[in-house]
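Reviewing the structure listed below.
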Amino acid sequence: MTQAPPDLRGLAGAAHFFDTEHGQHMLAVDGSRVFDVPPGSAAAWSGWDAAQQTAFLSGLGAGDVPYIDDAPPQDMPLRSLSLAVAQKCNLACTYCYASGGDFGAPARNMPWEVAKASVDRLIAEAEPGVRINLAYLGGEPLINRALIRRTTEYATQRAQAKGVRTGFSITTNGTLLRPEDAEFFEQHGFAVTISLDGIGAAHDRLRPYRGGRGSFDAILKRAEPLLARQKHMQVGARVTVTPQNMDLPETLDRFVAMGFHSVGFSPMLTAPNGQHELDKPGLDKMLAQMIRCGQSFEAAVIAGRRYPFSNMSAAMHEIHRGTHRPYPCGAGAGYFGVSADGGLFACHRFVEDADGAMGTVTDGPDPRRGAWLSDRHVHRQSPCTTCWARYLCGGGCHHEVIHRGRPACDYIRGWLHYCLQAYIRLSEARPDYFGAVPAAAQA
């Protein structure tokens, strides 16, 4: 059950009303707080002026002190780096954001000196007790397996000496996995993400080897030792959704049955060659498929079964804790991507892209970082300033917005609207799923 947001006249984007079988509810946008409200509140709100809307919010204990101001973060320490350890790839994915893995530059591996400098910078900016994160990406990072191992062991030693906690992750196409990788990733508690774009032929059409041969069967065979071994390691499947692989419920169920710790979907919004980008009808279809997956998640949670649909579980817990943010992620703030030659970029998607260039890992972020954070703040994005979803969304992926605009706003709002409804249903049926905090305040 979905509904369009009301036409707000006064405090544009200050509240979002939605209905469930349990009554009418409201998201107070500032602070992302959910309230049960009397029937008819949405209709009344749409007829009120700003003063009346303000009084209504104040009566709920909402809207008095803004949670988010206009100021960008200042002098944030680095907490996470993604290393493009191999700017090359053995697949020929039809939509690759990295232009076939090399980011439009000569194919190359990251040398040890750059990886070491990256670890040293992370450790230098971390206080004892802080957790830092090191991610390995490409291209296909396992082309440079020896560097991954050496860097992980070096980071572990340096972090232990300073009392810093470490987290490691890798995103791989899975074709080069070896049984010994399972042992190494388990030893160091890696979060392993394997890119799988559907089942069988659907995946093979989108992610073939350079010679044209499909990669699905090879990936599953190579992933088996990891799926069997995972305990400290967690193995997830990430599906990039295009018009060619829209059967999301079947894909989700199959990957869950295979033993993946999590399964998530991401729409294809921007590709260097424009191939397989979702348009409005495609995003509408994806939303319907995502809601079907969400309904399976709801049923599983109510029945007491784990169902690792990561988009849904993340949304439920973010709504519950009242996530409110002026950015969609930590790009350019506490998180950067590092190119093979040591350039610092706003995130892994901006590697070799002048729009996200921000210095070097040796010298640290340059003044472009401050300008980036100021310009990308959700209060400076249009039409975000009047959108009820702005503090849950954060303004959308920077890379996608810069390079394509905002084709997915209706999709994002539709998904969050459904998630708010599901949150109420799960709070009523299984309050223990969220802990002891009440799901929604009573108006």
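Only one residue in 176, 196 is within 18 Å of residue 255 (Cα to Cα) and modelled with pLDDT of 95 or more, so which one is that? Break it down into steps so the answer makes sense when it comes.
On the way: 176 fails: within 18 Å of residue 255 (Cα to Cα).
It is 196.
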Pairs with Cβ under 6 Å, 6+ apart, first in the stretch 393-413 and closer than 18 Å to residue 103 by Cα, second among the aliphatic types (A, V, I, L, M) and in a helix (DSSP H, G or I): none
Could you pull out the residue among 222, 238, 210 that is of a type in the set (Lys, Arg), at pLDDT below 95 and open to solvent by 50 Å² or more (accessible area, probe 1.4 Å)? 210
Residue count, the stretch 305-323, condition open to solvent by 60 Å² or more (accessible area, probe 1.4 Å) and either touching a residue at least 24 places away in the same chain (Cβ under 8 Å) or within 15 Å of the chain's Cα centre (by Cα) (or both), comes to 1
When the stretch 55-68 is checked residue by residue, the ones that are open to solvent by 30 Å² or more (accessible area, probe 1.4 Å), without any contact (Cβ under 8 Å) to a residue 60 or more places away in the chain and assigned to a helix (DSSP H, G or I) are 55, 56, 58
Restricting attention to the stretch 286-311, the residues that are more than 16 Å from residue 425 (Cα to Cα) and among the small types (Gly, Ala, Ser) number exactly 2
Selected residue [open to solvent by less than 60 Å² (accessible area, probe 1.4 Å) and touching a residue at least 12 places away in the same chain (Cβ under 8 Å)] from 52, 24: 24
In the stretch 77-105, residues that are among the small types (Gly, Ala, Ser), at positive phi, open to solvent by 10 Å² or more (accessible area, probe 1.4 Å) and in contact (Cβ under 8 Å) with a residue 12 or more places away in the chain total 2
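Of all residues being among the aliphatic types (A, V, I, L, M) and outside any loop (DSSP other than H, G, I, E, B) in the stretch 11-37, which is farthest from the chain's Cα centre (by Cα)? Just the residue, please. First the steps, then the outcome.
Of the stretch 11-37, the ones among the aliphatic types (A, V, I, L, M) are 11-12, 14-15, 26-29, 34, 37.
With outside any loop (DSSP other than H, G, I, E, B) added as a condition, the list becomes 15, 26-28, 34, 37.
Details: 15: 24, 26: 25, 27: 22, 28: 23, 34: 22, 37: 31 Å.
Selected residue: 37.
Quick one: would you say residue 105 is modelled with pLDDT under 95 and not aromatic (Phe, Trp, Tyr)? Please lay out each step first, then the result.
Values: modelled with pLDDT under 95: yes; not aromatic (Phe, Trp, Tyr): yes.
Here the answer is yes, as residue 105 does meet what is asked.
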Would the stretch 337-351 turn up any residue that is open to solvent by 60 Å² or more (accessible area, probe 1.4 Å) and not hydrophobic (A, V, I, L, M, F, W, C)? yes
Take residue 305 and tell me if it is touching a Phe, Trp or Tyr at 6+ places or on another chain (Cβ under 6 Å) and farther than 19 Å from residue 290 by Cβ. no
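Please work out if residue 76 is outside any helix (DSSP H, G or I), modelled with pLDDT under 95, aliphatic (A, V, I, L, M) and farther than 22 Å from residue 325 by Cα.
Answer is no for this residue.
The values are calculated or read from the model by the stated rules, or taken from the named source; none is laboratory data. Computed from a prediction, not measured in an experiment: that's the story for all the values here. Positions of Cβ are backbone-derived with ideal geometry, glycine not excepted, and every protein chain shown enters the neighbour counts. These accessible areas exclude ligands, DNA and RNA; they are computed on the full protein's heavy atoms, side chains included. Shrake-Rupley method; radii C 1.70, N 1.55, O 1.52, S 1.80 Å.
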